[in-house]
Amino acid sequence: MRFERFELERIQSEWEHRVQYNLAESGVMALQLSDIIDETDFQNQFLNQSLGYPQTNGTIPLRELISSQYGDLTADHITVTNGCAEANFITLLGLRQQQGDRNEMVMMLPNYLQLWGLGNALNYRMKPFFLHASETEWTLDIEELKHLISRKTSLIAICNPNNPTGAVMDKDTLKAIAELAEDVNAWVLSDEVYRGAELTGPITPSMINFYDRTLVTCGLSKAYGLPGLRIGWTISPNSEVIYDLWSLTDYTTIAPSLLSDMVATIALQPANRKKILDRTQTILRKNWLIVSHWLKEHQDLLDCIPPKASAICLPKYNASINSVDLAHRLIQDKSVLISPGDHFQMPNHLRIGFGYNGDKLATGLNLITEIFEGIN
Ligand SMILES: Cc1ncc(COP(=O)(O)O)c(C=O)c1O
């Protein structure tokens, strides 16, 4: 087994705390603890809390709060993990173990490439299907997907809302994917960590509503602005598979942090959850105006399909520089961090995060233009 370097995470880990303008963050500006809990409650609930191990698949109150977002599902249908990253990790590992000689993984691209790297390490035969750029949106060709699926398909991996494009697949598309998966009894692994960060329209539909052999991975890092808590989860209508996935966390991290479980339980109380997601959407809608104005001013250079959800967009640029070189020039010359398109298998694109402080975002965008002016 060999893990290829996860380039996207490496460049972010190395630079996000060293640059002045971090336009690589894909979630919304992080909340403070004091946004979630006041001082008196904090003293009452936290200061005398003994720091033993928590329930290792997440406390029942937390699992009940999360599962209540998914119709009839209960605390037994979910295991809480350290971030959506651990949820993806144990879920794919669990499927690989369970599925024996079914060794094909059909995966949506472009995408956050954690599952891609992990699939390769686990010796899956990787079969990509693509989101295609039309004039105004990213679309999926169901016929193309159909041709990739076989009796060897273990799972179809999707990311909805999508990182890096911000595309959202609607109910009809999800139903069509469910039908294709059902034909061969494959699983669908749906990473929905950006769900709740919609720029327009209602909340993105969850794949869980359309197919029983779905495993949804999610967490509080993006739409909820709480990445430092490292709270994620896998949820499925199939509680037996969830039980098996929980046992894999005995080998990874054993349990989520007790303090994070407690904060997450407060953040996900219905009134707090609503407040948090409203804040996210307000920031994103306001900041998207800054980005779209900038894109309009530089139409000759940049072409971008507007995102429907998430705090990111993926403009294509018209300049003769490789996207990784562009990212390093931006770091060195302007102290701006973006994510290179090549880290999503999308050369000549750059991913810009706009869930940021509006003034810093505007300055960062102007610095990107200055770099391009020096190239063209
Ligand atoms: C689609 C997707 N899934 C999972 C993750 C990892 O999330 P977390 O920070 O909750 O582990 C990310 C992080 O960028 C992501 O974009």
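How many residues are part of a helix (DSSP H, G or I) and of a type outside the set (S, T, N, Q) when one looks only at the range 1-36?
10
Which of the residues spanning the range 193-209 are near the ligand (Cβ under 10 Å from one of its atoms) and of a type in the set (S, T, N, Q)? Before you say what the answer is, go through the steps one by one.
Quick first cut of the range 193-209, residues near the ligand (Cβ under 10 Å from one of its atoms) only: 193-194.
Across the range 193-209, there are no qualifying residues.
Might you check whether a residue that is in contact (Cβ under 8 Å) with a residue 40 or more places away in the chain, on the phi > 0 side of the Ramachandran plot and more than 16 Å from the ligand (Cβ to nearest atom) occurs anywhere in the range 111-129?
So far as the range 111-129 goes, yes, one or more of its residues are in contact (Cβ under 8 Å) with a residue 40 or more places away in the chain, on the phi > 0 side of the Ramachandran plot and more than 16 Å from the ligand (Cβ to nearest atom).
Those residues that are farther than 16 Å from Ile283 by Cβ and assigned to a strand (DSSP E or B), I need them from the range 185-208; list them, please. Talk me through it step by step, then tell me what you get.
As a first pass, look at the range 185-208 and keep what is farther than 16 Å from Ile283 by Cβ: 185-193, 195, 201-208.
Hits for the range 185-208 are Trp187, Val188, Leu189, Ser190, Asp191.
Output the qualifying pairs, or none if there are none: Cβ atoms under 6 angstrom, residues six or more apart or on different chains, first residue in the range 132-147 and within 21 Å of Cys304 (Cβ to Cβ), second residue in a helix (DSSP H, G or I).
Leu140/Thr173
Within the range 178-189, identify whether any single residue is buried (at least 24 other Cβ atoms within 10 Å of the Cβ), closer than 28 Å to Asp35 by Cβ and either within 15 Å of the ligand (Cβ to nearest atom) or of a type in the set (Val, Ile, Thr) (or both), and answer yes or no.
No, because not a single residue in the range 178-189 is buried (at least 24 other Cβ atoms within 10 Å of the Cβ), closer than 28 Å to Asp35 by Cβ and either within 15 Å of the ligand (Cβ to nearest atom) or of a type in the set (Val, Ile, Thr) (or both).
Filter the range 227-264 down to the residues that are over 21 Å from the mean Cα position of the chain (by Cα) and either within 13 Å of Leu65 (Cα to Cα) or modelled with pLDDT under 95 (or both) and list them by number.
Met262
Given (1) at pLDDT 95 or above; (2) more than 15 Å from the ligand (Cβ to nearest atom); (3) under 23 Å from the mean Cα position of the chain (by Cα), identify the lone condition not met by Gln12.
All conditions are met except number (2).
Could you tell me whether the range 301-323 includes any residue that is in a helix (DSSP H, G or I), assigned by TED's automatic domain parsing to the domain that holds Ser26 and touching a residue at least 12 places away in the same chain (Cβ under 8 Å)? Can you show your working first?
Of all residues in the range 301-323, those in a helix (DSSP H, G or I) come to 323.
Retained after the next criterion (residues that are assigned by TED's automatic domain parsing to the domain that holds Ser26): 323.
After this cut, where a residue has to be touching a residue at least 12 places away in the same chain (Cβ under 8 Å) as well, the list is 323.
Yes.
Just the residues that are over 30 Å from Phe354 (Cα atoms), outside any loop (DSSP other than H, G, I, E, B) and either free of Cβ contacts under 8 Å to residues at least 60 places away in the same chain or more than 16 Å from the ligand (Cβ to nearest atom) (or both), please, taken from the range 210-247. Break it down into steps so the answer makes sense when it comes.
To start, the set of residues in the range 210-247 that are over 30 Å from Phe354 (Cα atoms) comprises 210-214, 236-247.
Imposing the further condition that a residue be outside any loop (DSSP other than H, G, I, E, B) reduces the set to 214, 239-247.
Matches in the range 210-247: Thr214, Ser239, Glu240, Val241, Ile242, Tyr243, Asp244, Trp246, Ser247.
The values are calculated or read from the model by the stated rules, or taken from the named source; none is laboratory data. Bear in mind the structure is a predicted one, so any value in this text is a computation, not a measurement. Every residue, glycine among them, receives a Cβ derived from its backbone with ideal geometry; neighbour counts consider all protein chains shown.
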